[in-house]
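Reviewing the structure listed below.
No value in this document is a laboratory result; all are computed from the given coordinates. Computed from a predicted model, the values in this text were never measured in an experiment. Cβ placement follows ideal geometry from the backbone for every residue including glycine, while neighbour counts extend to all protein chains displayed.
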Amino acid sequence: MHKVLDDDDWLSSELQILFDDTYKSNKREKINKSLYDFENRLSRKRANNYISPKIALNSSQESNTWVAFENISKGELILAEKPLCWITTKIGNHFKDYSLVLWKKLIKKCKNDNKLLRNLKLFFPRTQADIKKIRQESENYKIPIKKISRFYEANPDLANKIRFNEALRIYLVVKYNQMSVSTMPELWKNPFYWTEIFSINSLYFKSSFLDHSCSPNVARFYIGTVAVFRALRPIKRKETLSICYIESEYIQDPLWVRSSELNFFCRCELCQKEGRFSPDESTSRIFEINKISRKLNKRCSLISKKYIYMLQGLSLEERISVIEDILVESFLPNEQVNLSKAQKLVGLDASKLIGFLVYDYISYKNLDKAQYWLDIMYRMIHIKDEHNIPVLIIIGLISKDPEIQEKYFRKAARISETVFGSSIKFFMKRYWLDIKLFGKMLYENKRERTSFLRHISSLIRSIFSRK
């Protein structure tokens, strides 16, 4: 897998194939076929999962975690892994229990795979004590026992292979270890785009032992169904390897919001500092800490499918006015608004609304306002991973100053090198279509637009050639 992921031609080619196979698709079957074809091509490459020789699994009664036993350089490949199983999910469908769907697929595989069944015993939760901890710390703890029981009744051969209580534990393994994967990430994370229709939920083996931190040292990205992990910064010997389990926009939110999204109580340094607790804080104090955080830092969520449809139905001027009013009243610090009483937006919702606003302001040719909100969004993203790249690119695109353009594209290229490797073709395949889209918005004259895009292409190639 290491050789494959270091091959810029392979990465860029696969991204193009995935794009072509799924472009504007609203059919789950088409997405599935595209991903199965990807896995078949990967098998023909004989690309096995990759684990860095510089890491080791540290096992204790409480958990299994990856630890560095040698210093690891920034951008170094740590893990690359194909999933144990995966399913396609429809984004925004909150009524379907996709954990149950993925569990059914996994449990059927376990029936004929003793090694897989043994490996699942290493996953959290492993014991009744772990399950008790989930009950205490998770707001979303729930097992659909009746549905699982009916599934067992319909598949009597399962009972001979896997005990019912073990099946319930495996459901929790899926629920608390699955990853949501964006199979076709685009430049601008905007709900107006076709790529927001589907994602996949998948369960990985080795990757599940990466710890969580709100200030992680490992970055991840996905191509097809493969999860790839590189060092986000230099990692010292004996340091625990960690990723951020939640959207990076939530990191700026208060402790109780992060706990709610994580479904467990995080004890990383950032959370300890905010909540003023020690790493070995007793579980009995968690409710109290979250209650205080909730009381001091109210937050609300707005972005439902209905709300997005409402925004889409407004004229450009109306949408700008509505969103800007919401953000000024409910998100930005404002001396005229009593923020102790006003419910502020959660970070992810604020980010999406700012996304609408930036897009509309660029359409409206008000680049100063677009720049203002882009700067706010950039400050919101605390983890310097791939989420920064689109913002940096757009700031560079709308700037008329060549030095500022180069500054922000250089920052984007530096992060890309860390997260994706030194892959200019992959960078261009991943972002060029949307760079062209914004070029069209910025320049109506075809000759001016062609000249501008030629300049941006030369700038990107120049930056990568100097690495």
Helical contribution to [θ] at 222 nm, DSSP H n ≥ 4, -39,500 (n - 2.57), averaged over the chain, rounded to 500:
-16500 deg cm²/dmol
How do Ser462, Ser213 rank when sorted from fewest to most other Cβ atoms within 10 Å of their own Cβ?
Ser462, Ser213
Separation between the Ile145 and Arg46 pseudo-spin-labels, each 7 Å from Cα along Cα→Cβ, expressed in nm?
5.1 nm
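For the pair Lys236 and Asn64, what calculated FRET efficiency results from E = 1/(1 + (r/R0)^6), where r is the Cβ-Cβ distance and R0 = 22 Å, to the nearest 0.05?
0.60
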Could you calculate the FRET efficiency of Gln272 with Glu76 from 1/(1 + (r/R0)^6), where r is the beta carbon distance between them and R0 is 22 Å, rounded to 0.05?
0.20
Okay, which of the range 403-425 sit inside 12 Å, backbone N to the point 7 Å along the Cα-Cβ direction of Lys3?
none
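Filter the cross-link list Lys104/Lys146; Lys105/Lys146; Lys298/Lys411 down to pairs whose alpha-carbon distance in this structure exceeds 25 Å. Spell out each step's value before the answer.
Working: Lys104/Lys146 14 Å; Lys105/Lys146 18 Å; Lys298/Lys411 34 Å.
Result: Lys298/Lys411 exceed 25 Å.
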How high is the relative contact order of the chain, in percent, counting Cα pairs under 8 Å that sit 6 or more residues apart?
19 percent
Mind giving me the nanometre distance, one decimal, between the label points for Asp21 and Asn165, set 7 Å out from Cα along Cα→Cβ?
4.3 nm
With charges set only on the Cβ (+1 for Lys and Arg, -1 for Asp and Glu), what does the dipole of the range 326-467 come to about its Cα centre, in debye to the nearest 20?
720 debye
Kindly list the residues of the range 3-20 that lie in the label zone of Asp37, defined by a backbone N under 13 Å from the point 7 Å along the Cα-to-C-beta vector.
14-20
With label points set 7 Å from each Cα along the Cα-to-Cβ direction at Asn119 and Asn93, the distance between them in nm comes to 2.7 nm
Considering the convex hull of the alpha carbon atoms of the range 384-467, report its projected area averaged over all viewing directions, in nm², one decimal.
5.0 nm²
